[in-house]
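Read the structure below first, then the notes.
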Amino acid sequence: MTKRLSHYQGTTAVPTGAPRSSENIPKALSTTAATIRSQITTIVDTFFETHDTDDAEEAFDAIPSRYHSRLIDALVSHAVESPNSRDAVLLESVFSRVVFTGACAPSAWEAGFVPTATTLCEIVMEKPSALVRFMRMFNAAGLDRDGDRAARVLLRIGQGW
């Protein structure tokens, strides 16, 4: 694939087939709000263009943890509204792997799902499959196993009405 994680930070691309290692991921990133928004937009656009689940997983290590909820929000909202149902399935895989590695805090998962949960009823009116997509990603993120967090997110469904 031509777009790699290093493009998220504007550094030199890692050649296709290059071994994945911490050397390929820049450690110091600028954390201005505009830079982070730009990086998240690039991550989301690249993932949904290439469907590279490894790069999407690595993105959680590439951006500061305080911005994980923004990344989750962007990924979930895109997948819920996407014309391609495969997007949610791929994210389900990414989220399961990120949960397994512990690269993202439970509070970030919760905060990342809340914006889409708040508007989900409106989305479902246009795309009935949105609820199933949302719940698959929600479960993959482990939120279904955390009663308090699950309740707080799911109670938001319909609040946008």
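The values are calculated or read from the model by the stated rules, or taken from the named source; none is laboratory data. What you see is a predicted model; the values in this text were computed from it and never measured. Ideal geometry is used to build each Cβ from the backbone, glycine not excepted, and the neighbour counts take in all protein chains shown. Ligands, DNA and RNA are stripped out before the accessible areas are found, and what is left, the full protein with its side chains, is counted by its heavy atoms. Shrake-Rupley method; radii C 1.70, N 1.55, O 1.52, S 1.80 Å.
Points worth noting:
- Residue list for segment 90-147, filter: basic (Lys, Arg), part of a helix (DSSP H, G or I) and either at pLDDT below 95 or over 16 Å from the mean Cα position of the chain (by Cα) (or both): Arg145
- Only a single item in (1) more than 16 Å from Ile157 (Cα to Cα); (2) surrounded by 18 or more Cβ atoms within 10 Å (Cβ to Cβ) is not met by Ser107, and it is number (2).
- For Asp55, the requirement of being modelled with pLDDT under 95, among the charged types (D, E, K, R) and open to solvent by less than 50 Å² (accessible area, probe 1.4 Å) is met.
- Matching residues, segment 124-155, being open to solvent by 20 Å² or more (accessible area, probe 1.4 Å) and among the hydrophobic types (A, V, I, L, M, F, W, C): Val124, Met125, Leu131, Val132, Met135, Ala151, Leu154, Leu155
- Any hit, segment 74-84, residues being over 27 Å from Thr32 (Cα atoms) and under 12 Å from the mean Cα position of the chain (by Cα): yes
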